[in-house]
Every structure is written in C-alpha cells, then in structure tokens.
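Everything below concerns the one structure shown next.
The values are calculated or read from the model by the stated rules, or taken from the named source; none is laboratory data. Model, not experiment: these values are computed from the prediction. Every residue, glycine as well, gets a Cβ built from its backbone with ideal geometry; the counts of neighbours run over all protein chains shown. Side chains included, ligands, DNA and RNA excluded: accessible areas come from the protein's heavy atoms. Shrake-Rupley method; radii C 1.70, N 1.55, O 1.52, S 1.80 Å.
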Amino acid sequence: QAPSNAPSMEPSFEPTDSPSNIPTNFPSVDPSQSPTRQTTATSLTTADPTSAVPSTAPTTASPTTASSTTGSSSTHAPSSQSTVSPTTASHTTELATTASSTQPSDAEDVSVAMQHSLDRINAVYESTLTAFVSFCVLFGLSAGIDGFYVRRNDYLRVAYILSFALQAMDMVSDCFFVAQVSVYYRSDADTAHSFLFYASIGFVVVPVLATLGQLLRQIQQKWTANQAVSNWLAQYASPLFLLSILCGGAFSSVRLMNSHCFQWRSLQMGLTWRELKQFNTKRLWTVVLLENAPQLAIQCYFLWMTQSLSAIPVSSIVFSSVSMLVTVLGLVTERDIYGNETTTMMTVRVTGSNVATKDTRARCCSLKRMLERELAALLEIHRKSIEVTQPELIKDGLLLRLYVYETVKTERSHTTNRWQMFKNSVDNGDLVEILGRSWQLTEAPVVSDPQCRALPHSLTSTEIELANQLEQDTQRQPSVNVVTQNN
C-alpha cells in the first residue's frame, strides 16, 4: 500500500509495516518504537521542540504540504529566506554552520592578544621609569643636602649622578623596546620583524660587552699604577663591573663610583678629574657608533613600519639622541685639550697629633676648594689647571697628592720652577699656613717629604720627551725632608 500524501487527522493505533517516504511537517528527534495515541497535526507550534539546530540557509528540497488545520494551502516552491524553525538537515552540517557564525576568527584573537601584551609592556615601562627617576632625584637631593649643608664635602660631584641616571634610563628604554619588538616578532615572524628583533638585541648586548673590555683594559694598563685606585679595585671591582652591566656601560658607572656621595668608601674610587675625562673620550666607538646610532636608526624604522607613536620607542629615540649629542660635543673639545697636556704629580706628608684624630682626618678628606685656590696662587697657575685628590690615610697623618696640568707648549723651565716653588713653600712654612686655613686646623701640622714626578700619558713623542727630562731633573735634585711648624 502506497503512503498517503497528506497527514492523517486521526491517530493510528497500529504501527505501519514500512516507513513513509514523505517527511512529516513536525519531525521527531528519535523514531518512535510504539504507536502514538494522540494526534500529530494539532498545531504548527509544538510543546516540545526538537533539539536540532535551526538552519541558516534557504531550503532547496521539494515543498512540503502544510496541515489542513493551519488554514493555509500547500506550498509549491522553495522558500528564498533562511528558515528559523527546526529542519531535518544533517546534524553535522548544522553544528559546523553554527560554529562558523558565532566564534571569532583567529586573526582577531591574535590582534587582541598582541594589543594586550603591548599595553602591559607600556604600563610596566611607565611604572619602572617613574620609580627610577624618583629614586635618582631623591638620591641626588639627599647627597646634595648632605654634601653642601650637613657634612661639607668639596669632592661631591652631583653631575655624575645625573650622567649615570641618563645612561641607565637609556638602557631601560632600550630593553623595553626589545620587549615591544618581540611582541610583533611572535605575532608575525616575517623578515622585517626578525631583523628588528635580533638587531635591537645585538645593539644592546654588544656595546655593553665592548665597554666592559675597555674598562678592563684601562684598569690593567693605567689605573693599577695608582696605589689608591688599586686598593679600591681590590675591594669593589665586582660591584663596578656589575653596575656597568646594569646601567648599560662602564663610563657612567665609573663616574658614579667617583661621585663621593655621602662620603661612602664604595663611591670614592680615587680617579682624578683628568683621568675620568681621558677614559670618557673612548665613548665614541662603543656608545655612539655601536649603540646610539644603530639604535636610533632601528627605532625610527620601527615607528615608520608600525605607523604608531608609543611611549617606549619615542623615549628611546630621545635618550639616544641626547646621549649621542652630548658625547660628540664633549669629544670635540676634550680630545684637543687632553691630547696636548702634561701632568706633574707632587706629594707631601702631613702628620702630627692635630691630624691624627678621626674627626680631623674626616674633615681634611672632605675640604679642598680653598686649598686648590691657594695652591694655584702659590704656583702661579690657573685654578682649573690644578687638582687636589682626596688625601690618603697614613700613619699619624695624611698623604697629600697634587696634580698640575699644563700644555705641551709650556716650557720645561716653567714646570721645573713650579716644582721649586712647591718645595720652597715647604721650607719656608707657606704650605703649613695654607693647610691650616684650608683644613680649619687648630694647630700647625708637620709637613715633610715633598716629592715630584712627571706622568707621561700622551702618545706624542714631544710630551714623552718632556716627561723624561722632568723625571731626570727631579732625580738629580734630592728630595727634601723638612719639618716646618709655626710657633
């Protein structure tokens, strides 16, 4: 018996022998195993809708016949709009269609994750930079108040704190720039991002290693000849190298170690002002050519490629530009000045009960401005051409070391005359009066054993010849061991 083309109005009480070939208007989820006892054509809306997922595409199958109870005639053409009621389409097709219409694309996920990482890096950078700047400002102000108002310290160099802060902030911005580039590299490892990532890392690591090599060479060839510096390095060499790595270079860390802040021994390396300037002239090859110039080019290319202005690359460009400008302008003048100088070192022993106490020694080791002015007047030389380093502690007193800087064009007789004037000041007691006024001593100290030695540091043959002649003149004149004391 052929199946009917229209739904029956009365329920059947006996199961059919074979399934119908025409789909019903209201499909069931599972085929029934027993005959139903209620009518199936009661309403277009079922009380228990099927769990099938509605399709989102128009149907293309042959039209179905509507129930006569709905009052509408049978449709004879497929619908052109997506159906919203359940259909008997395949369950697998329905799930795939729903997943594609409700889930975001992978590209959107990557973009959101990348922006979240960039925002987090920017937030950490701003917090870190703010905390570091606040610490440097607080440290500098505290050191200035201590050195200028609480415990007078003429050896204090606040400018070295600023130099260290600028170099350290440049290093911090470069490190965060590498972190920002790494986000783009992980999201899209193409040729441009790969170049930026590895180049930004290389031009941070290589300059640091180069400055460490320059520092090690300077220590071995120059600074170990100074006994005071050598003693300091024996105790604080490891912190010096560690600080050089953290701040991104040895030049700023060496300056900080010679700042004499808070009269801490760790910040009293003992280098002269000229020695620091001479070491600073080596910044051209490492700081400018290996770090600032390449980093500046990479950061500008990154801004051009991303077409966006963010705090990290912009601040890195500012710090790199300032560091490069200051270094180049300083080297233009420093190389001409310090490449044509001779250095003469004069020493004298200052002893006595008045300078043997701890408080007096501490005061003598922190006062030098008046002493330098009066010694410059005594030797008839400009104030900036003389430098008194921090006295060294010896038995029952101090060892005073004085450096006189003159150009190579200065006649040898003038340099010899200054040594003779210094020696005469020991003989006639002028140096004792100068030390008493400058160090605020209540009693006259005992001054003895004046010495003079030329220090050849230039590579020019003229200066080396001049230094050798000065050394010979000093050896021919016996050193004076005079004890002079005012009554």
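Quick notes on this one:
- A simple spin-label model places the labels of D188 and K384 5.4 nm from each other, with each point 7 Å out along Cα-to-Cβ.
- Heavy-atom accessible surface of region 206-257: percent carbon and sulfur, 1.4 Å: 61 percent
- Carbon plus sulfur fraction of accessible area for region 290-385, probe 1.4 Å, in percent: 64 percent
- Three-way shape call for region 250-340 based on the alpha-carbon gyration tensor, with the a/c threshold at 1.5: oblate
- In sequence order, calculated HN-Hα J values of region 272-281 (Karplus, 6.51, -1.76, 1.60; Hz; x Gly/Pro): 6, 4, 5, 5, 5, 5, 5, 5, 5, 5
- Restricting region 362-451 to trypsin sites (Lys or Arg not before Pro) in coil, as DSSP defines it, with at most 10 other Cβ within 10 Å: K395, K409
- Whole-Hz ³J(HN,Hα) from phi, Karplus 6.51 cos²θ - 1.76 cosθ + 1.60, for region 430-445, glycine and proline x: 5, 5, 5, 5, 5, 5, x, 6, 6, 9, 6, 8, 7, 10, 6, x
- In the full protein context, region 227-269 carries 37 Å² of accessible surface per residue, based on a 1.4 Å probe and ignoring ligands, DNA and RNA.
- Estimated FRET transfer efficiency (M305, F132; beta-carbon r; R0 35 Å; 0.05): 0.75
- Using a Förster distance of 51 Å, the FRET efficiency for R361-D119 (Cβ separation, nearest 0.05): 0.35
- HN-Hα J in Hz across region 206-222 - Karplus 6.51, -1.76, 1.60, θ = phi - 60°, x for Gly and Pro: 4, x, 5, 5, 5, 5, 5, x, 5, 5, 5, 5, 5, 5, 6, 9, 10
- Taking all protein chains as they are arranged and a probe of 1.4 Å, the heavy atoms of V447 leave approximately 0 Å² accessible to solvent.
- Taking amide H as placed 1.01 Å from N in the peptide plane, R152 has no amide H partner under 5 Å among residues 5 or more places away or on another chain.
- Spin-label pair S448/F241, simplified geometry with 7 Å Cα→Cβ offset, distance in nm: 4.1 nm
- Accessible area per residue for region 145-213, computed on protein heavy atoms with a 1.4 Å probe, is 45 Å².
- Positive-end ranking of F195, A179, G140 along the dipole of region 109-208, with charges on Cβ about the Cα centre, is headed by G140.
- Rounded accessible area of S353 (nearest 10 Å², 1.4 Å probe): 90 Å²
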